[in-house]
Each structure stands twice: as structure tokens, then as C-alpha cells.
Amino acid sequence: MPQASADVAVTAPPRQRDKPLDEFSPLLREIKGQSLLHRRFGWYTAGIALNSVVLAALVVGILLVGDSWWNLLLAVPLALFSTRTAFFGHDAGHSQIASTRRTNRLLGLWHGNLLLGMSSAWWNDKHNRHHANPNHVDKDPDVGEGVLVWTQMQAEKREGINRWLTRNQAWLFFPLLLLEGFALKVASFRMVFSREGWERQGRARATEITLLAVNLVAYITLLAVAMSPGKAVLFALIHHMLFGLHLGCVFAPNHKGMEMPDPDAEQRWGHLRRQVLTSRNVRGGLVTDWMMGGLNYQIEHHLFPNMPRPNLRLARPTVQRYCQENGLSYAETGLIDSYRQALRHMHDVGEPLR
């Protein structure tokens, strides 16, 4: 069967009440037959080792450059490889890296709490709820009401400064991403120090807090030793702003502007439709794949969340063909167009307030 144009999604037929609930199993068997769910120990070992070496080299570089304005330039690669670190923490949360839950948890603590200063338990809880019900306004925390809103029903409730934010949210989206690096840390700290965090984690919370504290002390000490207070503050701002921008630019195109299940109506969607219809792939070459960590193959990632990240692009042809054969929309577009679609959705949500 000829492949459809990558910029044009194949339109799904209307849902049928007698549609089989399990459309996913045949695809799962095919993917398993291609060994794409097998662990990639060599790839992850090399990737984690390289990322650790680069981070260590950047720390040494910061100390060697010392109290110079040139040191601010090192905040750029530090932000870039902080995002790479987040990718490995993300994969550990999905049990993509190791065979045991304990090892994956340790890898999550290493990359999230110790290296990034962000609670891996908080991230896993939030992200797993997103995966279970993507784009569901009542169940997906990524489309809940916050600084930004994602439906006109949410927009109608906005008042005061929030109403102005919603009216202009498409224009403010990328500037707001500059704050995302700080917001992620604040949210994770609030969780681990809350009563909910204690009830959810118990004694494991002590490990989380200890590692977060080690990260904070080490980061402040590094900057305080290397440079003057003014330069240190500016370095931290550049590092976290670029980190938030990069991470936000990776995750923003994946679901924004895609179908959103109606929480007030029965959605007879199985796993296949729930994940495919709410997700968008971003087409790209080696640079796009590297910058987005391979998570631009978001449809495949949502269908198979424990699939090792380097295998997502390998699964794409099979998933796309299967969707076409079953008349299911498979949304894929270029990077710039993915942002355009996401921003257009945000603009349309705020339209009634203008």
C-alpha cells in the first residue's frame, strides 16, 4: 500500500459501536515480533556514560574559566545536556532502560533528583497520569487549568490577570517556557515536602529530599566558588531558562492541538485510538531526532511507553502502515508546522476573550 503524505493525516472513519475494543493486540504482536521492545543496554550505557562525561567536563570548565563573563557561555551547553539528562530520567520512569524496577528507580533518582534537582517520583506520577489519559481535561495533568488553558470551557472561567494571559497565551507561550525550568523544580519540591508526598512515598521520601538537597548545595557551591554573586545568579538564570525552553519545545508539539476526548461523553476508545488520535509525530532528520531525544516519535512512544527510546523511529513504519490499514488518523508533520498547529490551538482557545 503506498504511503500517505507525511503532512496529511489519514482521516479516521466515524466510531462504530460494534468496533472491536482490542485493535491494539495485532500491532503489539507485530512489534514484539520485530524485537523492538527488547532492552538496549549498550545504547543506554554508552549514552549515559557520554552524558555524564560531558556534564563533568562542563563543571571542570566552569571552575577553570572562573570569575569571567565568558563563563556564562557554558550555561548554554549545560542547559542542552541537562535536557539530555531529563531524557534519561524520563526513560527510567518508563522502565525502558533496565530490566528491574529497582534499577530503573535508582537511575531515575540519579538523573532526576541528583543531577537535575527535580523529584523523579513527582515527575513519574504526573507523567504516568498523562500517558493513561492523554488530552483528557479531567485526567491529564498536562491539560489541566494552570497559567495556560486548553479548552474554551476552561477559558470562560478566567478572570483578572488570568483572563489577559488566556487572551494572549499563543503569543506568551514561548516566553513562558523560559520559566518552566524553575516551575518544574518548585512543583517537585512542593510535592516531596507535602503531606501527600509523605503518604505516597513514606520513608522513600527521605531519599528524594536528601538527593534534592545535595543537588541544590552542590549547584550553589559550584557557582559561588567559580564566580561572583552577580555572575552566578545570571548563570543560573540562563541555565534554567534555556533548560525550560528546550524541554518545553520537545514536549509542546506532541499533543497540543490534537483531539481531546469529551469528558462528558462515553469514549469507546481502546488503547490504540486513545493514544494515536491524541498524539502528533514530528518528522525530522538526525538533528531533530537528537534535539528532541527521539520523543518526536510521540505516537509510538504513547503506544509502547516501555519501548527503548532509540527503537521508536524503527517502530514508526509499522505503526503508520497499521493505522492506514485500519483507517485510523496518523498525524505527522514538520517541526515548524507542529508549533504552528499548537499555537493556533492556543490562539483559538483564547478567541472568545478577545
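The values are calculated or read from the model by the stated rules, or taken from the named source; none is laboratory data. Bear in mind the structure is a predicted one, so any value in this text is a computation, not a measurement. Cβ sites come from the backbone with ideal geometry, for glycine too, and all protein chains shown count toward neighbours. In case anyone asks, the SASA skips ligands and DNA or RNA and just uses the protein heavy atoms, side chains included. Shrake-Rupley method; radii C 1.70, N 1.55, O 1.52, S 1.80 Å.
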I'd like the full set of residues that are outside any helix (DSSP H, G or I) and polar (S, T, N, Q), limited to the range 97-132. S99, T100, S119
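Quick check on the range 325-344: of everything there that is in contact (Cβ under 8 Å) with a residue 60 or more places away in the chain, part of a helix (DSSP H, G or I) and under 20 Å from the mean Cα position of the chain (by Cα), which residue is surrounded by the fewest Cβ atoms within 10 Å (Cβ to Cβ)?
Among residues in the range 325-344 that are in contact (Cβ under 8 Å) with a residue 60 or more places away in the chain, part of a helix (DSSP H, G or I) and under 20 Å from the mean Cα position of the chain (by Cα), the one surrounded by the fewest Cβ atoms within 10 Å (Cβ to Cβ) is D337.
Can you work out which of the residues in the range 270-284 that are assigned to a helix (DSSP H, G or I), within 18 Å of V137 (Cβ to Cβ) and open to solvent by less than 20 Å² (accessible area, probe 1.4 Å) is modelled with the highest pLDDT? Spell out the reasoning first.
Residues of the range 270-284 that are assigned to a helix (DSSP H, G or I), as a first pass: 271-276.
Cutting the leftovers down to within 18 Å of V137 (Cβ to Cβ) gives us 273-275.
Keeping just the survivors that are open to solvent by less than 20 Å² (accessible area, probe 1.4 Å) gives 273, 275.
Working: R273: 93, Q275: 96.
Looking at the filtered set, the residue picked out is Q275.
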Every pair of residues 6+ apart whose Cβ atoms lie under 6 Å, when the first sits in the range 223-245 and is closer than 11 Å to A75 by Cα while the second is assigned to a loop (DSSP other than H, G, I, E, B) and not small (G, A, S): M241/L178
In the range 162-175, how many are in contact (Cβ under 8 Å) with a residue 60 or more places away in the chain and surrounded by fewer than 17 Cβ atoms within 10 Å (Cβ to Cβ)? 3
With the requirement that a residue be open to solvent by 20 Å² or more (accessible area, probe 1.4 Å) and under 18 Å from the mean Cα position of the chain (by Cα), what does the range 228-258 give you? M241, L242, L245, H246, C249, F251, K256, G257, M258
Residue satisfying condition, being surrounded by fewer than 20 Cβ atoms within 10 Å (Cβ to Cβ) and touching a Leu at 6+ places or on another chain (Cβ under 8 Å), within set L72, L109: L72
Here's a check for you: in the range 148-161, which residue that is surrounded by 15 or more Cβ atoms within 10 Å (Cβ to Cβ) and either aliphatic (A, V, I, L, M) or without any contact (Cβ under 8 Å) to a residue 12 or more places away in the chain (or both) is nearest to E259 (Cα to Cα)? V149
Give the number of residues within the range 304-354 that are basic (K, R) and closer than 15 Å to M258 by Cα. 2
Looking only at the range 25-39, and only at residues there that are assigned to a helix (DSSP H, G or I) and touching a Ser or Thr at 6+ places or on another chain (Cβ under 8 Å), the one that is most open to solvent (accessible area, probe 1.4 Å): E30
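Applying the selection to the range 224-269, what residues are assigned to a helix (DSSP H, G or I) and under 30 Å from N326 (Cα atoms)?
V250, F251, A252, P253, N254, listed by residue number.
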